[in-house]
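First up is the structure itself, then whatever we jot down about it.
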Amino acid sequence: MRIVLLQQSIYEQKADAAALAQALAAPHLRFGDLMRSHLVRRTELGARAAAVMNSGEPFPDEIATAILRDAFGSTAPAAFLLGGHPRSTTQAQALDDLLHECGAPLDGVLYLRLAEDEVERRIRQQAARRLCRNDLTHRNEPPADRHCTVCGGELYQRKDDDEDVIRSRYRSHEAIVHPVAEHYAVRALLTTVDATGTPDEVAARAVTALHDRAV
Ligand SMILES: [Zn+2]
């Protein structure tokens, strides 16, 4: 199956996506990884992407689409789970056109979503997280005091875990993903699935929903 994955910007999204790719037996294409590979290999696309990123301008749809075109090559991809792209309705339309050219249209778009109260719970949980300066694997949730419960080391809060930062990132991500979801809803490709539970539970629920749709 050729699937685009849309997610909310909270917490277990990477684990959910990895479990889902495995359950679908589909290669997991992460847009961020594809772009980093161009940067590392110093390709022409990588140089153009780096110039834009350094300028602080929004990432052009045209470069994003060129990166996808390069990833698909000229052959029709039989299966993939694409994450991190598209990020605008223009990119979504370009992706539709590109896959149509390859003779490999999307089978569906999966939108993993949490109920409002679960979003709120996860935001608070992430904001309460503290990391140990000695060892990042020492879990301290929620923080009991200023010292690690495992080794007594000093605890600190990652800048990314500040509640205002999390909320603002969440809202801007929603504002990007919502129109993309709408683009696919109109084309009868969108399946929305509840993202509560472990990554394996979410993946199983998503696979069932996709198959039910295909019948
Ligand atoms: Zn520790």
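Please flag any cysteine in the chain that has no other cysteine's Cβ under 4.7 angstrom from its own Cβ.
Result for the chain is Cys102, Cys151, no neighbouring Cys Cβ within the cutoff.
I'd like the Karplus ³J(HN,Hα) series for the range 156-170: coefficients 6.51, -1.76, 1.60, θ = phi - 60°, whole numbers in Hz, and an x wherever there's a Gly or Pro.
Taking θ as phi minus 60°, the curve returns 8, 9, 5, 4, 5, 8, 5, 4, 5, 5, 4, 5, 5, 5, 4 Hz for the range 156-170.
Amide H of His85: which non-local residues (sequence gap of 5 or more, or other chain) have their own amide H closer than 5 Å, using H built in the peptide plane?
Here Phe31 satisfy the definition.
Hey, what does the equivalent ellipsoid look like for the chain, semi-axes from the Cα gyration tensor as sqrt of 5 times each eigenvalue, largest first, whole Å?
33, 23, 16
Ranking Glu62, Glu201 by Cβ neighbours within 10 Å, fewest first, what do you get?
By the 10 Å Cβ count, ascending, the order reads Glu62, Glu201.
Expressed as an acute angle from 0 to 90° and rounded to the nearest 10, what is the orientation of the C-alpha long axis of helix 61-72 relative to the principal long axis of the chain?
The two axes meet at around 80 degrees.
Can you tell me the equivalent ellipsoid semi-axes for the range 108-162? Use √(5λ) from the Cα gyration tensor, largest first, whole Å.
29, 12, 9
Give, rounded to the nearest 20 debye, the magnitude of the charge dipole that the chain has about its Cα centre when Lys and Arg contribute +1 at Cβ and Asp and Glu contribute -1 at Cβ.
480 debye
By count of other Cβ within 10 Å, fewest leading, how are Ser168, Ser55 ordered?
Going from sparsest to densest Cβ surroundings: Ser55, Ser168.
Over the Cα atoms of the range 1-74, compute the convex hull volume and normalise it per residue, giving Å³. Mind dumping the intermediate values first?
Numbers: hull volume 9.1 nm³, N = 74.
Spelled out: Cα convex hull of the range 1-74, divided by residues, is 123 Å³.
Using 0.36 nm per residue, how much length does the chain from Arg69 to Ser172 gain when fully extended, once their Cα-Cα distance is taken away?
Length gained, Arg69 through Ser172: 34.4 nm.
Can you tell me the FRET efficiency between Arg213 and Glu163 if r is taken as the Cβ-Cβ distance and R0 is 35 Å, rounded to the nearest 0.05? Don't skip to the answer; put the middle values down first.
On the way: r = 37 Å, r/R0 = 1.05.
The formula returns an efficiency of 0.40 here.
Using Cα-Cα distances under 8 Å and only pairs 6 or more residues apart, what relative contact order does the range 2-214 have, in percent?
30 percent
Here, each number is a calculation from the coordinates, and none is a lab measurement. Since this is a predicted model, take the numbers as computed values, not measurements. Note: ideal-geometry Cβ built from the backbone for every residue, glycine included; neighbour counts use all protein chains shown.
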